[in-house]
Amino acid sequence: MRIDGSCVTDGPAAPDQDNPSEAAAADKPAPVAKPDALAETRSRGEVFADTRQSCESGWERQRLFDAPRDELARFRTGRAGLPQISPEEADRHIEQHRSARPWLEAAERAWPESRRIMAAIDQGTGHGHIRHEGWVTEEANMRRAAYLEDPAQLDVTKRLRGIDGLKPNDKRHRCAELATRMTDPDAFATAFTRGAEHPQVRAAIATPYDSGVRPSPILIPIADLLGKDGHKYCTGWQLEPVDGSIDAAISNRRAWRTAMAETRQSDVPQPVALPVPTFEGGTLLFLVGHNQAKDRYEIVNMYPQPRDDGSASLPIGAAMRDFYWNRYPDGPFATLIRIATTYLHPEVDDLEALQNLAKRETDEMHTFKAELRMAINDPAQLPDDELSTHVRYEDGSPEAFLRRLWRDLYGDEPIGMPQHL
(Lines give C-alpha, C1' and ligand atoms only; values in the text may rest on other atoms or scores of the structure.)
Protein backbone atom coordinates (compact mmCIF):
# COMPACT_ATOMS: atom_id res chain seq x y z
CA MET A 1 0.00 0.00 0.00
CA ARG A 2 1.17 3.54 -0.68
CA ILE A 3 -0.08 6.92 0.47
CA ASP A 4 -0.05 9.67 -2.16
CA GLY A 5 -1.29 13.02 -0.88
CA SER A 6 -4.79 12.52 0.46
CA CYS A 7 -5.30 9.34 -1.52
CA VAL A 8 -4.43 5.85 -0.31
CA THR A 9 -4.00 3.38 -3.14
CA ASP A 10 -3.15 -0.27 -3.45
CA GLY A 11 -1.84 0.26 -6.95
CA PRO A 12 1.60 0.91 -8.37
CA ALA A 13 3.63 4.08 -8.19
CA ALA A 14 3.20 6.82 -10.76
CA PRO A 15 4.74 6.07 -14.18
CA ASP A 16 8.13 7.52 -15.06
CA GLN A 17 7.76 10.62 -17.22
CA ASP A 18 10.65 9.54 -19.42
CA ASN A 19 8.93 6.34 -20.55
CA PRO A 20 5.86 5.98 -22.75
CA SER A 21 2.73 4.84 -20.99
CA GLU A 22 2.73 1.70 -23.13
CA ALA A 23 6.05 0.73 -21.57
CA ALA A 24 5.32 1.92 -18.04
CA ALA A 25 5.34 -1.63 -16.73
CA ALA A 26 7.01 -3.54 -19.55
CA ASP A 27 3.58 -3.83 -21.15
CA LYS A 28 2.40 -6.06 -18.32
CA PRO A 29 -1.05 -5.62 -16.79
CA ALA A 30 -0.99 -4.50 -13.19
CA PRO A 31 -1.82 -7.16 -10.62
CA VAL A 32 -5.00 -6.29 -8.78
CA ALA A 33 -6.61 -8.10 -5.89
CA LYS A 34 -9.98 -8.55 -7.54
CA PRO A 35 -11.88 -11.59 -8.86
CA ASP A 36 -11.55 -10.30 -12.42
CA ALA A 37 -7.80 -9.85 -12.19
CA LEU A 38 -7.19 -12.24 -15.06
CA ALA A 39 -9.18 -9.94 -17.35
CA GLU A 40 -7.11 -6.87 -16.45
CA THR A 41 -5.57 -5.32 -19.56
CA ARG A 42 -4.47 -1.94 -18.22
CA SER A 43 -0.82 -1.04 -17.72
CA ARG A 44 0.48 -0.25 -14.24
CA GLY A 45 0.48 3.45 -15.12
CA GLU A 46 -3.14 3.30 -16.20
CA VAL A 47 -4.15 1.50 -13.01
CA PHE A 48 -2.32 4.10 -10.92
CA ALA A 49 -4.07 7.00 -12.64
CA ASP A 50 -7.48 5.30 -12.57
CA THR A 51 -7.12 4.46 -8.89
CA ARG A 52 -6.03 7.92 -7.88
CA GLN A 53 -8.78 9.57 -9.92
CA SER A 54 -11.40 7.30 -8.35
CA CYS A 55 -10.03 7.86 -4.86
CA GLU A 56 -9.81 11.65 -5.03
CA SER A 57 -12.80 12.56 -7.21
CA GLY A 58 -15.15 9.62 -6.67
CA TRP A 59 -15.11 8.72 -10.37
CA GLU A 60 -16.86 5.41 -11.06
CA ARG A 61 -15.03 3.72 -13.91
CA GLN A 62 -17.90 1.37 -14.77
CA ARG A 63 -20.67 4.00 -14.70
CA LEU A 64 -22.66 4.02 -17.96
CA PHE A 65 -24.70 6.92 -19.31
CA ASP A 66 -28.39 6.37 -20.06
CA ALA A 67 -28.46 7.68 -23.62
CA PRO A 68 -31.63 9.36 -24.99
CA ARG A 69 -31.55 7.19 -28.11
CA ASP A 70 -34.64 8.63 -29.81
CA GLU A 71 -33.34 12.16 -29.36
CA LEU A 72 -29.93 11.23 -30.76
CA ALA A 73 -31.53 9.45 -33.72
CA ARG A 74 -33.52 12.58 -34.62
CA PHE A 75 -30.51 14.91 -34.47
CA ARG A 76 -29.31 16.18 -37.83
CA THR A 77 -25.52 16.52 -37.67
CA GLY A 78 -25.71 19.36 -40.17
CA ARG A 79 -27.08 21.43 -37.29
CA ALA A 80 -23.55 21.37 -35.88
CA GLY A 81 -22.08 22.28 -39.27
CA LEU A 82 -21.00 18.67 -39.84
CA PRO A 83 -21.61 16.25 -42.71
CA GLN A 84 -25.02 14.60 -42.64
CA ILE A 85 -24.46 10.83 -42.58
CA SER A 86 -26.59 7.72 -42.07
CA PRO A 87 -26.00 5.04 -39.43
CA GLU A 88 -24.74 2.71 -42.18
CA GLU A 89 -22.28 5.34 -43.43
CA ALA A 90 -21.12 5.89 -39.86
CA ASP A 91 -20.42 2.19 -39.36
CA ARG A 92 -18.47 2.05 -42.62
CA HIS A 93 -16.42 5.10 -41.62
CA ILE A 94 -15.53 3.60 -38.25
CA GLU A 95 -14.67 0.21 -39.74
CA GLN A 96 -12.51 1.78 -42.44
CA HIS A 97 -10.57 4.20 -40.22
CA ARG A 98 -10.43 2.77 -36.71
CA SER A 99 -6.94 1.27 -37.05
CA ALA A 100 -5.43 4.62 -38.06
CA ARG A 101 -7.75 6.66 -35.83
CA PRO A 102 -7.97 4.67 -32.59
CA TRP A 103 -10.29 7.19 -30.94
CA LEU A 104 -13.03 5.73 -33.15
CA GLU A 105 -12.82 2.47 -31.21
CA ALA A 106 -14.48 4.22 -28.27
CA ALA A 107 -17.52 4.86 -30.46
CA GLU A 108 -17.97 1.11 -30.80
CA ARG A 109 -18.91 0.99 -27.11
CA ALA A 110 -21.73 3.44 -27.76
CA TRP A 111 -25.26 2.98 -29.04
CA PRO A 112 -25.65 3.18 -32.85
CA GLU A 113 -27.30 6.59 -32.52
CA SER A 114 -24.21 7.93 -30.75
CA ARG A 115 -21.85 6.24 -33.22
CA ARG A 116 -23.47 8.16 -36.06
CA ILE A 117 -22.79 11.45 -34.30
CA MET A 118 -19.21 10.49 -33.39
CA ALA A 119 -18.49 9.47 -36.99
CA ALA A 120 -19.84 12.80 -38.24
CA ILE A 121 -17.64 14.67 -35.75
CA ASP A 122 -14.66 12.65 -36.98
CA GLN A 123 -15.33 13.85 -40.53
CA GLY A 124 -15.22 17.47 -39.40
CA THR A 125 -12.22 19.59 -38.47
CA GLY A 126 -12.57 19.34 -34.70
CA HIS A 127 -10.66 17.41 -32.08
CA GLY A 128 -13.04 17.24 -29.11
CA HIS A 129 -13.60 13.50 -29.59
CA ILE A 130 -9.84 12.97 -29.96
CA ARG A 131 -8.56 14.72 -26.82
CA HIS A 132 -11.63 15.04 -24.59
CA GLU A 133 -13.58 11.78 -24.90
CA GLY A 134 -13.38 8.42 -23.15
CA TRP A 135 -10.78 6.80 -25.39
CA VAL A 136 -8.24 9.08 -23.66
CA THR A 137 -7.21 7.25 -20.49
CA GLU A 138 -6.75 8.84 -17.08
CA GLU A 139 -3.02 8.25 -17.40
CA ALA A 140 -2.92 9.98 -20.79
CA ASN A 141 -4.75 12.99 -19.38
CA MET A 142 -2.47 13.08 -16.35
CA ARG A 143 0.59 13.06 -18.61
CA ARG A 144 -0.90 15.71 -20.87
CA ALA A 145 -1.46 18.09 -17.96
CA ALA A 146 1.92 17.37 -16.37
CA TYR A 147 4.27 16.68 -19.29
CA LEU A 148 2.51 18.13 -22.38
CA GLU A 149 2.21 14.69 -23.97
CA ASP A 150 -0.55 14.89 -26.56
CA PRO A 151 -2.88 11.84 -26.58
CA ALA A 152 -3.65 12.67 -30.22
CA GLN A 153 0.01 12.00 -31.10
CA LEU A 154 0.12 8.33 -32.09
CA ASP A 155 3.90 8.25 -32.58
CA VAL A 156 5.11 7.34 -29.08
CA THR A 157 8.54 8.92 -29.55
CA LYS A 158 7.03 12.20 -30.68
CA ARG A 159 4.46 12.12 -27.89
CA LEU A 160 7.25 11.82 -25.32
CA ARG A 161 8.97 14.81 -26.93
CA GLY A 162 5.84 16.93 -26.56
CA ILE A 163 5.05 17.07 -30.30
CA ASP A 164 1.46 17.91 -31.21
CA GLY A 165 -0.46 15.11 -32.91
CA LEU A 166 -2.79 17.29 -34.96
CA LYS A 167 -0.68 20.21 -36.15
CA PRO A 168 1.84 19.97 -39.01
CA ASN A 169 5.61 20.35 -38.97
CA ASP A 170 6.19 18.78 -35.54
CA LYS A 171 4.79 21.78 -33.71
CA ARG A 172 5.07 21.58 -29.93
CA HIS A 173 1.91 20.69 -28.06
CA ARG A 174 0.22 23.25 -25.84
CA CYS A 175 -2.21 22.64 -23.00
CA ALA A 176 -3.78 24.85 -20.35
CA GLU A 177 -3.47 23.89 -16.69
CA LEU A 178 -6.31 21.41 -17.17
CA ALA A 179 -6.65 18.24 -19.24
CA THR A 180 -10.25 17.03 -19.11
CA ARG A 181 -12.49 14.47 -20.75
CA MET A 182 -15.98 12.99 -20.84
CA THR A 183 -15.72 9.35 -19.85
CA ASP A 184 -18.65 7.88 -21.79
CA PRO A 185 -19.19 8.14 -25.58
CA ASP A 186 -22.98 8.27 -25.18
CA ALA A 187 -22.65 11.15 -22.71
CA PHE A 188 -20.29 12.91 -25.12
CA ALA A 189 -22.68 12.51 -28.05
CA THR A 190 -25.63 13.67 -25.96
CA ALA A 191 -23.86 16.79 -24.71
CA PHE A 192 -22.70 17.58 -28.24
CA THR A 193 -26.21 17.13 -29.66
CA ARG A 194 -27.90 19.28 -27.05
CA GLY A 195 -25.15 21.87 -27.14
CA ALA A 196 -25.59 22.24 -30.89
CA GLU A 197 -29.18 23.35 -30.23
CA HIS A 198 -28.24 25.90 -27.54
CA PRO A 199 -29.13 29.47 -28.63
CA GLN A 200 -25.58 30.78 -28.25
CA VAL A 201 -24.11 27.90 -30.23
CA ARG A 202 -26.79 28.25 -32.88
CA ALA A 203 -25.99 31.95 -33.20
CA ALA A 204 -22.26 31.23 -33.56
CA ILE A 205 -22.78 28.58 -36.25
CA ALA A 206 -25.18 30.89 -38.11
CA THR A 207 -22.72 33.81 -38.09
CA PRO A 208 -22.12 35.08 -41.66
CA TYR A 209 -19.01 33.20 -42.71
CA ASP A 210 -15.64 34.97 -42.78
CA SER A 211 -12.60 32.77 -43.41
CA GLY A 212 -10.45 35.07 -41.29
CA VAL A 213 -12.67 35.22 -38.21
CA ARG A 214 -13.56 32.73 -35.47
CA PRO A 215 -16.66 33.10 -33.27
CA SER A 216 -15.93 33.53 -29.57
CA PRO A 217 -16.12 30.45 -27.31
CA ILE A 218 -19.30 29.55 -25.42
CA LEU A 219 -19.85 28.14 -21.92
CA ILE A 220 -22.90 26.00 -21.05
CA PRO A 221 -23.52 24.40 -17.62
CA ILE A 222 -22.99 20.64 -17.70
CA ALA A 223 -26.27 20.12 -15.85
CA ASP A 224 -28.17 21.99 -18.58
CA LEU A 225 -27.06 19.41 -21.14
CA LEU A 226 -26.71 16.17 -19.15
CA GLY A 227 -28.86 16.64 -16.06
CA LYS A 228 -27.96 16.87 -12.39
CA ASP A 229 -25.62 13.85 -12.53
CA GLY A 230 -23.91 14.85 -15.77
CA HIS A 231 -20.75 15.89 -13.95
CA LYS A 232 -20.18 12.26 -12.95
CA TYR A 233 -19.19 11.53 -16.57
CA CYS A 234 -16.38 14.10 -16.50
CA THR A 235 -12.85 13.73 -15.16
CA GLY A 236 -9.70 15.77 -15.39
CA TRP A 237 -6.20 16.50 -14.15
CA GLN A 238 -4.86 19.90 -13.15
CA LEU A 239 -1.32 21.21 -12.99
CA GLU A 240 -0.12 21.69 -9.42
CA PRO A 241 0.62 25.39 -8.69
CA VAL A 242 4.18 26.58 -8.07
CA ASP A 243 4.37 28.81 -5.00
CA GLY A 244 0.62 29.27 -5.27
CA SER A 245 0.79 30.47 -8.88
CA ILE A 246 -0.66 28.64 -11.86
CA ASP A 247 1.11 31.10 -14.20
CA ALA A 248 4.44 30.03 -12.70
CA ALA A 249 3.44 26.37 -12.99
CA ILE A 250 2.59 26.72 -16.69
CA SER A 251 5.82 28.63 -17.37
CA ASN A 252 7.89 26.07 -15.45
CA ARG A 253 6.21 23.19 -17.26
CA ARG A 254 7.25 24.66 -20.61
CA ALA A 255 10.82 25.18 -19.34
CA TRP A 256 10.92 21.58 -18.08
CA ARG A 257 9.51 20.27 -21.37
CA THR A 258 12.14 22.23 -23.32
CA ALA A 259 14.94 20.85 -21.16
CA MET A 260 13.70 17.30 -21.70
CA ALA A 261 13.55 17.84 -25.47
CA GLU A 262 17.13 19.13 -25.41
CA THR A 263 18.26 16.20 -23.21
CA ARG A 264 19.65 18.46 -20.51
CA GLN A 265 19.05 18.89 -16.81
CA SER A 266 16.05 21.09 -16.10
CA ASP A 267 16.40 24.17 -13.92
CA VAL A 268 12.86 23.68 -12.61
CA PRO A 269 11.23 20.74 -10.83
CA GLN A 270 9.32 18.03 -12.66
CA PRO A 271 5.67 19.13 -13.07
CA VAL A 272 2.95 17.39 -11.10
CA ALA A 273 -0.71 16.89 -12.05
CA LEU A 274 -3.54 16.29 -9.57
CA PRO A 275 -7.06 14.94 -10.14
CA VAL A 276 -9.81 17.55 -10.46
CA PRO A 277 -11.91 16.97 -7.31
CA THR A 278 -15.31 17.44 -8.95
CA PHE A 279 -17.09 18.76 -12.02
CA GLU A 280 -20.33 19.39 -10.14
CA GLY A 281 -21.48 22.89 -11.07
CA GLY A 282 -19.03 22.92 -13.99
CA THR A 283 -19.44 23.88 -17.62
CA LEU A 284 -18.89 22.54 -21.11
CA LEU A 285 -16.90 24.84 -23.35
CA PHE A 286 -17.87 24.89 -27.03
CA LEU A 287 -15.56 26.18 -29.75
CA VAL A 288 -16.94 27.02 -33.18
CA GLY A 289 -14.53 27.25 -36.12
CA HIS A 290 -14.09 26.64 -39.83
CA ASN A 291 -15.28 23.53 -41.64
CA GLN A 292 -13.23 21.51 -44.13
CA ALA A 293 -14.55 23.40 -47.15
CA LYS A 294 -13.92 26.81 -45.54
CA ASP A 295 -17.43 27.92 -46.36
CA ARG A 296 -19.26 27.74 -43.03
CA TYR A 297 -18.77 27.34 -39.29
CA GLU A 298 -19.02 24.10 -37.32
CA ILE A 299 -18.50 22.93 -33.75
CA VAL A 300 -14.80 22.08 -33.60
CA ASN A 301 -14.35 21.31 -29.91
CA MET A 302 -16.23 20.60 -26.70
CA TYR A 303 -14.73 19.82 -23.32
CA PRO A 304 -15.68 20.01 -19.62
CA GLN A 305 -14.39 22.53 -17.11
CA PRO A 306 -14.82 22.38 -13.32
CA ARG A 307 -16.80 24.96 -11.42
CA ASP A 308 -15.89 28.46 -10.31
CA ASP A 309 -16.35 29.38 -6.66
CA GLY A 310 -17.41 32.89 -7.64
CA SER A 311 -14.25 34.71 -6.60
CA ALA A 312 -12.63 37.35 -8.76
CA SER A 313 -9.31 35.50 -8.70
CA LEU A 314 -10.27 32.03 -9.84
CA PRO A 315 -9.03 29.03 -7.85
CA ILE A 316 -6.72 26.55 -9.48
CA GLY A 317 -8.59 24.26 -11.84
CA ALA A 318 -11.79 26.31 -11.78
CA ALA A 319 -13.87 27.33 -14.75
CA MET A 320 -15.20 30.86 -14.97
CA ARG A 321 -18.90 31.56 -14.44
CA ASP A 322 -18.93 33.15 -17.87
CA PHE A 323 -16.34 34.85 -20.00
CA TYR A 324 -15.18 38.28 -18.89
CA TRP A 325 -16.51 39.99 -22.02
CA ASN A 326 -19.97 38.55 -21.38
CA ARG A 327 -19.96 39.55 -17.72
CA TYR A 328 -18.59 43.02 -18.47
CA PRO A 329 -19.26 43.81 -22.15
CA ASP A 330 -18.18 47.41 -21.61
CA GLY A 331 -15.46 46.54 -19.12
CA PRO A 332 -11.82 47.59 -19.52
CA PHE A 333 -9.82 45.44 -21.95
CA ALA A 334 -12.89 43.36 -22.91
CA THR A 335 -11.93 43.37 -26.60
CA LEU A 336 -8.30 42.47 -25.88
CA ILE A 337 -9.25 39.57 -23.62
CA ARG A 338 -11.96 38.27 -25.96
CA ILE A 339 -9.81 38.25 -29.10
CA ALA A 340 -6.72 36.89 -27.34
CA THR A 341 -8.81 34.08 -25.85
CA THR A 342 -10.56 33.26 -29.12
CA TYR A 343 -7.30 32.81 -31.05
CA LEU A 344 -4.54 32.09 -28.52
CA HIS A 345 -5.99 29.79 -25.88
CA PRO A 346 -4.09 26.46 -26.06
CA GLU A 347 -7.18 24.63 -27.36
CA VAL A 348 -7.11 26.95 -30.41
CA ASP A 349 -3.50 28.19 -30.68
CA ASP A 350 -3.96 29.98 -34.02
CA LEU A 351 -1.51 32.88 -33.99
CA GLU A 352 -1.38 32.98 -37.78
CA ALA A 353 -5.11 33.71 -37.99
CA LEU A 354 -4.75 36.51 -35.43
CA GLN A 355 -1.80 37.95 -37.34
CA ASN A 356 -3.96 38.14 -40.45
CA LEU A 357 -6.83 39.63 -38.48
CA ALA A 358 -4.51 42.28 -37.00
CA LYS A 359 -3.90 43.62 -40.52
CA ARG A 360 -7.55 44.54 -40.94
CA GLU A 361 -8.49 48.18 -40.61
CA THR A 362 -11.64 47.65 -38.58
CA ASP A 363 -12.98 49.39 -35.49
CA GLU A 364 -12.69 46.16 -33.54
CA MET A 365 -9.01 45.68 -34.36
CA HIS A 366 -8.26 49.35 -33.69
CA THR A 367 -9.80 48.88 -30.24
CA PHE A 368 -7.83 45.66 -29.73
CA LYS A 369 -4.55 47.37 -30.61
CA ALA A 370 -5.28 50.36 -28.40
CA GLU A 371 -6.14 48.11 -25.45
CA LEU A 372 -3.00 46.03 -26.05
CA ARG A 373 -0.88 49.19 -26.04
CA MET A 374 -2.57 50.41 -22.85
CA ALA A 375 -2.08 47.07 -21.09
CA ILE A 376 1.63 46.95 -22.01
CA ASN A 377 2.18 50.43 -20.64
CA ASP A 378 0.41 49.62 -17.38
CA PRO A 379 -0.35 45.91 -16.79
CA ALA A 380 -1.72 46.79 -13.35
CA GLN A 381 -4.82 48.16 -15.08
CA LEU A 382 -5.80 44.66 -16.24
CA PRO A 383 -8.82 43.31 -14.30
CA ASP A 384 -7.60 40.86 -11.64
CA ASP A 385 -6.40 37.60 -13.23
CA GLU A 386 -8.86 37.67 -16.13
CA LEU A 387 -6.25 37.74 -18.92
CA SER A 388 -4.26 34.86 -17.44
CA THR A 389 -7.35 32.80 -16.61
CA HIS A 390 -8.75 33.18 -20.12
CA VAL A 391 -5.66 32.88 -22.33
CA ARG A 392 -3.39 30.59 -20.28
CA TYR A 393 -0.19 31.87 -21.87
CA GLU A 394 3.19 30.31 -21.02
CA ASP A 395 5.16 33.54 -20.56
CA GLY A 396 4.97 33.68 -16.77
CA SER A 397 3.56 37.21 -16.49
CA PRO A 398 0.97 39.34 -18.30
CA GLU A 399 3.58 41.92 -19.32
CA ALA A 400 5.83 39.28 -20.92
CA PHE A 401 2.86 37.81 -22.80
CA LEU A 402 1.59 41.21 -23.98
CA ARG A 403 5.00 42.33 -25.23
CA ARG A 404 5.48 39.07 -27.11
CA LEU A 405 2.01 39.42 -28.58
CA TRP A 406 2.82 42.94 -29.80
CA ARG A 407 5.98 41.67 -31.50
CA ASP A 408 4.11 38.76 -33.06
CA LEU A 409 1.39 41.03 -34.46
CA TYR A 410 3.10 44.35 -35.15
CA GLY A 411 6.80 43.51 -35.42
CA ASP A 412 9.16 46.40 -34.73
CA GLU A 413 6.42 49.03 -34.67
CA PRO A 414 6.98 51.16 -31.53
CA ILE A 415 4.45 50.49 -28.81
CA GLY A 416 4.12 54.16 -27.97
CA MET A 417 1.96 55.68 -25.29
CA PRO A 418 -1.70 54.77 -24.84
CA GLN A 419 -4.37 56.92 -26.39
CA HIS A 420 -7.90 57.44 -25.15
CA LEU A 421 -10.31 54.97 -26.71
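Of all the residues in the range 244-272, those that are under 20 Å from Arg392 (Cβ atoms), of a type in the set (D, E, K, R) and at pLDDT below 95 number 1. Applying the set (1) in a loop (DSSP other than H, G, I, E, B); (2) surrounded by fewer than 21 Cβ atoms within 10 Å (Cβ to Cβ) to Glu352 leaves exactly one unmet item: (1). Evaluated against (1) touching an Asp or Glu at 6+ places or on another chain (Cβ under 8 Å); (2) crowded, with 20+ Cβ neighbours inside 10 Å; (3) among the hydrophobic types (A, V, I, L, M, F, W, C); (4) assigned to a helix (DSSP H, G or I), Ala73 falls short on exactly one condition, (2).
Of the residues making up the range 376-421, those that are in contact with a Leu (Cβ under 8 Å, 6 or more places away or on another chain) and closer than 28 Å to Glu361 by Cβ are Ile376, Pro379, Leu387, Val391, Tyr393, Pro398, Phe401, Leu402, Leu405, Trp406, Asp408, Leu409.
Identify, please: which residue in the range 62-114 is touching a residue at least 40 places away in the same chain (Cβ under 8 Å) and polar (S, T, N, Q) and is, among those, farthest from Ala191 (Cα to Cα)? Filtering first and then ranking leaves Thr77. The single residue among Thr51, Thr77 that is at pLDDT 95 or above, among the polar types (S, T, N, Q) and not assigned by TED's automatic domain parsing to the domain that holds Asp295 turns out to be Thr51. Would you be able to tell me the number of residues in the range 102-118 that are among the basic types (Lys, Arg), crowded, with 22+ Cβ neighbours inside 10 Å and within 13 Å of Ala67 (Cα to Cα)? Looking only at that region, the number is 1. The number of residues in the range 385-402 being within 24 Å of Asp330 (Cα to Cα) and over 23 Å from the mean Cα position of the chain (by Cα) comes to 1. For the range 166-194, a residue qualifies if it is polar (S, T, N, Q) and not in a loop (DSSP other than H, G, I, E, B), and the qualifying residues are Thr180, Thr190, Thr193. Within the range 368-384, being under 13 Å from Ala334 (Cα atoms) and either free of Cβ contacts under 8 Å to residues at least 40 places away in the same chain or buried (at least 16 other Cβ atoms within 10 Å of the Cβ) (or both) holds for Phe368, Lys369, Ala370, Glu371, Leu372, Met374, Ala375, Leu382.
Listed here are the residues, each with its yes/no results for (1) under 28 Å from Leu285 (Cα atoms); (2) of a type outside the set (Gly, Ala, Ser); (3) modelled with pLDDT of 95 or more.
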{"position": "Pro346", "(1), (2), (3)": "yes, yes, yes"}
{"position": "Ala370", "(1), (2), (3)": "no, no, yes"}
{"position": "Arg373", "(1), (2), (3)": "no, yes, yes"}
{"position": "Asn377", "(1), (2), (3)": "no, yes, yes"}
{"position": "Asp408", "(1), (2), (3)": "yes, yes, yes"}
{"position": "Asp412", "(1), (2), (3)": "no, yes, yes"}
{"position": "Gln419", "(1), (2), (3)": "no, yes, no"}
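Just one residue in the set Thr137, Thr125 is in the same structural domain as Tyr233 (by TED's automatic domain parsing), β-branched (Val, Ile, Thr) and under 20 Å from Arg63 (Cα atoms); that residue is Thr137. For the structure I just gave you, tell me whether Ala145 is within 11 Å of the chain's Cα centre (by Cα) and small (Gly, Ala, Ser). Considered against the rule, which asks whether it is within 11 Å of the chain's Cα centre (by Cα) and small (Gly, Ala, Ser), Ala145 comes out as yes. Criterion applied to Ala380, Ala400, Ala353 was being in contact with a Phe, Trp or Tyr (Cβ under 7 Å, 6 or more places away or on another chain) and of a type in the set (Gly, Ala, Ser), and the one residue passing it is Ala353.
Residue-wise test of (1) of a type in the set (A, V, I, L, M, F, W, C); (2) surrounded by 17 or more Cβ atoms within 10 Å (Cβ to Cβ); (3) more than 30 Å from Met365 (Cβ to Cβ).
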{"site": "Ala146", "(1), (2), (3)": "yes, yes, yes"}
{"site": "Thr157", "(1), (2), (3)": "no, no, yes"}
{"site": "Ile163", "(1), (2), (3)": "yes, yes, yes"}
{"site": "Pro168", "(1), (2), (3)": "no, no, no"}
{"site": "Met182", "(1), (2), (3)": "yes, yes, yes"}
{"site": "Gly195", "(1), (2), (3)": "no, yes, no"}
{"site": "Lys228", "(1), (2), (3)": "no, no, yes"}
{"site": "Gln238", "(1), (2), (3)": "no, yes, yes"}
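Of all residues in the range 102-139, those satisfying the criterion of being hydrophobic (A, V, I, L, M, F, W, C), closer than 29 Å to Gln238 by Cα and assigned to a loop (DSSP other than H, G, I, E, B) are Trp103, Ala110, Trp135, Val136. Applying the set (1) over 30 Å from Glu71 (Cα atoms); (2) in a helix (DSSP H, G or I); (3) in contact with a Phe, Trp or Tyr (Cβ under 7 Å, 6 or more places away or on another chain) to Val268 leaves exactly one unmet item: (2). Would you confirm whether or not the range 89-97 contains a residue that is surrounded by fewer than 17 Cβ atoms within 10 Å (Cβ to Cβ), assigned to a loop (DSSP other than H, G, I, E, B) and at pLDDT 95 or above? No, the range 89-97 contains no residue that is surrounded by fewer than 17 Cβ atoms within 10 Å (Cβ to Cβ), assigned to a loop (DSSP other than H, G, I, E, B) and at pLDDT 95 or above. Taking the numbered list (1) surrounded by 18 or more Cβ atoms within 10 Å (Cβ to Cβ); (2) of a type in the set (A, V, I, L, M); (3) assigned to a helix (DSSP H, G or I) in turn, Ala259 passes all entries but (1).
The values are calculated or read from the model by the stated rules, or taken from the named source; none is laboratory data. None of the values given here were measured: they were computed from a predicted structure. Cβ sites come from the backbone with ideal geometry, for glycine too, and all protein chains shown count toward neighbours.
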